[in-house]
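J.: There's a structure below that I have some questions on.
The values are calculated or read from the model by the stated rules, or taken from the named source; none is laboratory data. Predicted, not measured: the structure shown is a model, and the values here were computed from it. Backbone-built Cβ (ideal geometry, glycine too); neighbour counts: all protein chains shown. Ligands, DNA and RNA are excluded from the accessible area calculation, which covers all protein heavy atoms including side chains. Shrake-Rupley method; radii C 1.70, N 1.55, O 1.52, S 1.80 Å.
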Amino acid sequence: MREVVEIGLGREARRTYGLDDITIVPNRRTRSSKDVDTSWTIDAYHFGIPVLAQPSDALTSVDFISEMGRLGGAAVINAEGLWGRVTDMDAAVEQIVSTAFDEEGYDDGQMTNRAIPLLQKLHGLPLDKDLLSDRIRDVRASGVTTVVRVSPQNARELAPVVAAAGAEIVVIQGTLISAEHVSADGTPLNLKEFIGSLDVPVIAGSVLDYTTALHLMRTGAAGIIVGGGSTTNADTLGIDAPKATAIADAAAARRDYLDETGGRYVHVIADSELETSGEMAKAIACGADAVMLGSPLSQAKEAAATGYYWPSVAAHPRFPRGVIENLLIERDEAPSLEKVLLGPATEPFGSLNLIGGVRRSMAKAGYTNLKDFQKVQLSVRSWL
C-alpha cells in the first residue's frame, strides 16, 4: 500500500525509498556462493554477469570493451561521444583530464567542472558517421557483444547507422525518456513504430515511475533503464526519484506487462550512482535484472581515463548535468577490470570484487539465481 504524507495544506506526496533506506534480510537457508549463477539473457544475448558499463568516453577504450566482454558483461559505446568525432581518442581523453585537474591533482573523490567547456567543444565537432561505423565494426569483429547508445533526439538518424555498422543491441537513452519523444521541430518519435522498424533489440530509458516504465514496455523494448545515471538532475532540474522505489515500481510494471501480453518479459536495468556491491545487490533485490555502472568501473586500468569519470550528459551543449570526478590517488596502482568485477578484493567496503559481493549476498539469503533473488525479504531502516 502506498504511503502518502501531507507536505503542506492541499499538497501531498508519496513516501519513497532510496537504496540506502533499505536492507536485505536473509530469512531462509544459506548457500555457498560457488552455487550462485549471476547470468542473464536479453533477447538472444547471454551475459555471465549482470553489468553494463555506462556509455561514457571515460570508460570505453577498446581494451575496456574487450575485457568487459571477456568477463561476461558489456560496455555501451556512446555513438554521440568522441568515438565519431576525433581520430585520436587517447589524446582527447588526456586533454580533458589535464584541463580538469592541475599537476597536483585533487584529493580522492574531488570533482571539477573546469573541463566542461572543453567537453562541450569536443562534442560540438562534426559527427563522422564513417569513422563511427568503422570503429563499431572493429568492436563487432573482436567477438564481444556490441552495444551502442543513441539519444532520443538523434535516434531516428543514428540508430539505423549504428545497427548497419554492427551494433547488436541499440540503447536509446536520455536522462529521462517517454514513449513518445517530441523533437525540437515538433516531429514526434514514436518509439513503438521506430523500435519495430529496427532489426536489433532495443533497450530504452531512463524512467523513474511505473506509468512511464509500462508505456516503454509497450513500445517493444527488450529492456528499460531505471534511474538517471550519474547526473546532477536533482540539483539542476529538481528531478529525482529514490532508486529503491523507482526500481520496484518498474518491476511491478514488468509483472503487469507480463500478464498483459501473456508472457513477454522485459528486463529492468538499474542505472544510478551505484558505487558498491551492496548497492548492486539491493538494486537486484528490488527487481532489477542487471545494473549499469559508471564510476566504480573507472578505477580499472583498462578504462580510457583510468581513475577519472564523467557521464555523457556532462557535455550537453546548453545544460550540462554532470561533473568530472577524480577517483584514484595512485593511478600506477589501478586495479584490473577483472579485480574490480571478480576480485579478489583488497579493501572491505565493496568497491572491488563487485560480482563477488553480489554472489555472497545472494548466497547468504539462500538464492542461486538473479530472478529468485528478486523475492528476497527487504526491510526499511528504523530512522525512517
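J.: Say R0 is 35 Å: what FRET efficiency, to the nearest 0.05, do Thr276 and Lys371 get from their beta-carbon distance? It would help to have the intermediate numbers written out before the result.
T.: On the way: r = 22 Å, r/R0 = 0.64.
Efficiency for this residue pair is about 0.95.
J.: Right, here's the next one. Keeping every protein chain in place, order Glu168, Glu273 by accessible area at 1.4 Å, biggest value first, i.e. largest first. Intermediate values should be presented prior to the final figure.
T.: Values: Glu168 25, Glu273 100 Å².
Order by accessible area, largest first: Glu273, Glu168.
J.: If you count only protein heavy atoms and use a 1.4 Å probe, how large is the accessible surface of Arg140, to the nearest 10 Å²?
T.: We get 110 Å² for Arg140.
J.: Rolling a 1.4 angstrom probe over the protein heavy atoms, how many square angstrom per residue are accessible across the chain?
T.: Values: 17020 Å² over 384 residues.
Value returned for the chain: 44 Å² of accessible area per residue.
J.: Over the chain, what relative contact order in percent results from Cα pairs under 8 Å that are six or more residues apart?
T.: Values: 837 pairs, mean separation 91.1, N = 384.
Once divided by the residue count of the chain, the mean separation gives 24 percent.
J.: A further question follows. With N residues in the chain, what two-decimal value do you get for its Cα radius of gyration over 2.2 N^0.38 Å? List each step's numbers first, then the result.
T.: Working: Rg = 20.1 Å, N = 384, 2.2 N^0.38 = 21.1 Å.
For the chain, the normalised Cα radius of gyration comes out at 0.95.
J.: Roughly speaking, what is the centre-to-centre gap between region 1-27 and region 111-156 when only Cα atoms are used, to the nearest Å?
T.: 38
J.: Moving to a separate point now. Where the accessible area of the chain is counted over protein heavy atoms with a 1.4 Å probe, how much of it, in %, is carbon and sulfur? Numbers along the way, then the final one.
T.: Values: 8030 of 17020 Å².
Whole-percent figure for carbon plus sulfur exposure: 47.
J.: Order Phe101, Phe319, Phe349 by their accessible area, 1.4 angstrom probe, all chains in place, largest first.
T.: On the way: Phe101 10, Phe319 90, Phe349 160 Å².
So, going from the largest accessible area down, we get Phe349, Phe319, Phe101.
J.: Something else: By its C-alpha gyration tensor, with a ≥ b ≥ c as the square roots of the eigenvalues, how is region 1-74 shaped: rounded for a/c under 1.5, else prolate for a/b larger than b/c, else oblate? All intermediate terms of the calculation are to be shown ahead of the outcome.
T.: Details: a/c = 3.19, a/b = 1.61, b/c = 1.98.
It comes out oblate by the Cα gyration axes.
J.: So, one more: Can you put Asp57, Asp259, Asp209, Asp332 in order of accessible area, largest first, using a 1.4 Å probe? Working shown, then result.
T.: On the way: Asp57 5, Asp259 115, Asp209 60, Asp332 150 Å².
I get Asp332, Asp259, Asp209, Asp57, largest accessible area first.
J.: Cα to Cα, under 14 Å, and not fewer than 8 places away if on the same chain: which aspartates and glutamates meet these conditions relative to Lys375?
T.: Candidates past the 8-residue exclusion: Asp289.
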